[in-house]
1. Tally time: how many residues in the stretch 318-368 are assigned to a helix (DSSP H, G or I) and closer than 23 Å to ARG273 by Cβ?
2. Within the stretch 228-243, restricting attention to residues that are more than 9 Å from the ligand (Cβ to nearest atom) and among the basic types (Lys, Arg), which residue is farthest from ALA202 (Cα to Cα)?
3. Against the condition in contact with a strand residue (DSSP E or B) (Cβ under 7 Å, 6 or more places away or on another chain) and in contact (Cβ under 8 Å) with a residue 12 or more places away in the chain, how does ALA172 come out, does it pass?
4. Output the number of residues of the stretch 156-175 satisfying the condition of being at pLDDT below 95 and more than 16 Å from the ligand (Cβ to nearest atom).
5. Out of THR90, THR65, THR51, which single residue is surrounded by fewer than 18 Cβ atoms within 10 Å (Cβ to Cβ) and closer than 21 Å to GLY162 by Cβ?
6. Restricting to the stretch 225-251, give me the number of residues that are surrounded by fewer than 19 Cβ atoms within 10 Å (Cβ to Cβ) and farther than 19 Å from TYR19 by Cβ.
7. Looking at (1) part of a loop (DSSP other than H, G, I, E, B); (2) more than 12 Å from the ligand (Cβ to nearest atom); (3) touching a residue at least 24 places away in the same chain (Cβ under 8 Å); (4) of a type outside the set (Asp, Glu), which is the one condition that is false for ARG246?
8. Check off (1) more than 18 Å from the chain's Cα centre (by Cα); (2) at pLDDT below 95 for TRP211 and give me the number that stays unchecked.
Amino acid sequence: MTAPNESIVVPVALAERAYDIVIGRGAIETLGARIKALRPNAKTVIVTDATVQKHHLDRVTAILTAAGVASSPIVVPAGEGSKNYATFGTVCEAIIAARIERGDLIVALGGGVIGDLAGFAAASVRRGLDFVQVPTSLLAQVDSSVGGKTGINSPQGKNLIGAFHQPILVIADTAMLDTLSKREFRAGYAEVAKYGLLGDAAFFDWLEANWQAVFAGGETSNSMAREQAVAICCRSKAGVVARDERENGERALLNLGHTFGHAFEAAAGYSQRLLHGEAVALGCVLAFEFSARKGLVAESDAARVRAHLAAVGLPTHVRDVAGGVPSADALMDLIAQDKKVKRGKLTFILTRGIGQAFVANDVDPAEVRDFLSEKLS
Ligand code: GLY
């Protein structure tokens, strides 16, 4: 068992909805005490999935029990399929059956799917219950557990049903990432690199030099590179969320790589053929290449992004998508579904350099189509 090292605490400055993100190996050991301090009389339900249950549920339950916090588990099947109406209903009914009331807490123990699902249940049951995020994937630690986006999927598209509902605490225990497969960790790393690419060139330089230490992490490593990387991403996201909680402007930059990425993810059927983070890696490369094609950014910057993500083992070319990809027209249909065309123009996150992303509301769909055709040829 990992003992708690000194943790890094990143505040999310949202006035009456402010909260801390606690980052460190063994930080989970402090969960019970922190809940006790925040909500002294709360009882909890722990929403998790069948995979995370095997690795972490007993330990988290024991930590809560030791602090005198009562808990009961709600376990759903692992995978994106659980972000549906049926599972959402099951979770809400289980929360009500467990007699969780205002003043009690939901603990979301898992990756992005669990955070989104449990967070949306917390936003909905009794018109809003408090919740704590305990993200167990790298992607969830650096992105989805922070900022209060919660929700489920509609048959018509991803994340179309949901609410902004901030957690009262995030505990990102970097030792929990040791149980991830290399592929899963790598996919989460795409979101780490994204923070450098969108607004922090010095962080991208640092990642180029230190990514192997971020991957190594681990009990035997003396390096704090993993914790530093998670903290830099969380600081960056906390800043964006504090300035633009409801995504009226700057927060959209966090979608760098996501418009291209979502099209490839949808084309692969949201399956193991292409994980979300892998699609984001490919999408970031395409966003740089498209920006270079438009003369906004030097081709050498696009090449640098491609080289780093390829070195890590992430997909950087359409030919890297297992099972192939559909035509440019089919991809354009998926892009149009994901981001509505407004007055004949698309919105994309483009870039003027590493660390210099911006929102472009005036992208000509014909230009995107020609670019995709070139990439597919
Ligand atoms: N994952 C993007 C956001 O939280 O806004």
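1. Going through the stretch 318-368, the residues assigned to a helix (DSSP H, G or I) turn out to be 318-320, 328-338, 365-368.
If we keep only those that are closer than 23 Å to ARG273 by Cβ too, we end up with 318-320, 328-338, 368.
Going through the stretch 318-368 one residue at a time, the tally reaches 15.
2. ARG243
3. yes
4. 1
5. Going through THR90, THR65, THR51 in turn, just one is surrounded by fewer than 18 Cβ atoms within 10 Å (Cβ to Cβ) and closer than 21 Å to GLY162 by Cβ: THR90.
6. Residues flagged as surrounded by fewer than 19 Cβ atoms within 10 Å (Cβ to Cβ) and farther than 19 Å from TYR19 by Cβ within the stretch 225-251 amount to 4.
7. The number of the failed condition is (2).
8. So the condition that TRP211 fails would be (2).
The values are calculated or read from the model by the stated rules, or taken from the named source; none is laboratory data. These numbers come from a predicted model, not from an experiment. When we count neighbours, we look across all protein chains shown, and the Cβ atoms used for this are built from the backbone with ideal geometry, even at glycine.
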